[in-house]
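The values are calculated or read from the model by the stated rules, or taken from the named source; none is laboratory data. Note that the coordinates shown come from a computational prediction; the quantities given were computed from them, not determined experimentally. FYI the Cβ positions are ideal-geometry reconstructions off the backbone, even for glycines, and counts take in every protein chain you see. Accessible surface is based on the protein model in full, side chains and every heavy atom, while ligands, DNA and RNA are left aside. Shrake-Rupley method; radii C 1.70, N 1.55, O 1.52, S 1.80 Å.
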Amino acid sequence: DQQVKQNSPSLSVQEGRISILNCDYTNSMFDYFLWYKKYPAEGPTFLISISSIKDKNEDGRFTVFLNKSAKHLSLHIVPSQPGDSAVYFCAATGTDKLIFGTGTRLQVFP
Amino acid sequence: SQTIHQWPATLVQPVGSPLSLECTVEGTSNPNLYWYRQAAGRGLQLLFYSVGIGQISSEVPQNLSASRPQDRQFILSSKKLLLSDSGFYLCAWSVGRHTEAFFGQGTRLTVV
């Protein structure tokens, strides 16, 4: 039972353009959502989060949008840079458990 | 500042051998602790989490177990490894709900 889903396994974006990564969840008890970035053979690093009482949170080039009615969140990266190339995971929690999605591999090309 | 230590970085073990992976956190008290596994080409699967000493919640039935003998120590164990136990194991901590979790560098386990 995959409660957090990232339906796009990969995304390729040109440098300077916008990257949009999507995430869907099924558990209506989730009330806090996070995005992580992961390089191979390393632990994930936290990027940005959003509480269910908000619908948008922005931090520099990263913006997370939350649509509770659709149980959908997205991460926007503007402008995309080659250093953003990595695997991005969304995660959700409503208790002490932190549940991750399957990840989206982002490649930013020149 | 808080740090998390996870070792070893890589491990090659034969099928049927035991396993012990250790994770320790410094600079915080009573953290939530997590063990995740990333199998090849897959996402991060939550294996165990703990909200306090001796309190372990298992998410996936399997031949792995976890223990928390001290507040900031989390151990992942197996009595007999299977080939399917191969993967990248990650330990993480957080200070509670609605906060981010911080990850260790991971252990690459290959069962041969």
Neighbourhood charge, 12 Å Cβ-Cβ cut-off, centred on B:R97 and excluding it, Lys, Arg +1 and Asp, Glu -1 | -2
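At a 1.4 Å probe, what is the % contribution of carbon and sulfur to the accessible area of the protein assembly as shown?
So the carbon and sulfur contribution to the accessible surface is 51 percent.
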Cβ-Cβ cut-off under 11 Å around A:Q6, Lys and Arg +1, Asp and Glu -1: the net charge is +1
Could you work out how far apart the two model spin labels at A:D59 and B:S17 are, taking each label as a point 7 Å from the Cα in the direction of the beta carbon, and quote it in nm?
-> 3.9 nm
Could you check which residue among A:L34, A:L11, A:L73 shows the biggest mean-square fluctuation in a GNM of chain A with a 10 Å Cα cutoff?
-> A:L11
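Sum up the charges of everything whose Cβ sits under 9 Å from the Cβ of B:G52, counting Lys and Arg as +1 and Asp and Glu as -1, but leave B:G52 out.
For residues surrounding B:G52, the net value is 0.
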Can you pick out the pairs among A:K71/A:K97; A:K5/A:K38; A:K5/A:K37 whose Cα atoms lie more than 21 Å from each other?
-> none
Toy charge model, Lys and Arg Cβ at +1, Asp and Glu Cβ at -1: chain B dipole around Cα centroid in debye, rounded to 20, equals 220 debye
Which whole-number percentage describes the relative contact order of chain B, with Cα contacts under 8 Å and a sequence gap of 6 or more?
-> 36 percent
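What does the accessible area per residue of segment A:4-109 come to in Å², with a 1.4 Å probe and no ligands, DNA or RNA counted?
45 Å²
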In debye to the nearest 20, the charge dipole size for segment A:22-90, taken about the Cα centre with +1 at each Lys and Arg Cβ and -1 at each Asp and Glu Cβ, equals 80 debye
Would you mind giving the total buried accessible surface between chains A and B, with a 1.4 Å probe and ligands, DNA and RNA left out, rounded to the nearest 100 Å²?
-> 1800 Å²
Answer in debye to the nearest 20: the dipole magnitude of the protein assembly as shown about its Cα centre, from +1 Lys/Arg and -1 Asp/Glu charges placed on Cβ, is 300 debye
Ignoring ligands, DNA and RNA, what accessible area per residue does segment B:3-111 give at 1.4 Å, in Å²?
-> 46 Å²
Convex hull over the Cα atoms of segment B:3-111, averaged projected area in nm²?
-> 6.3 nm²
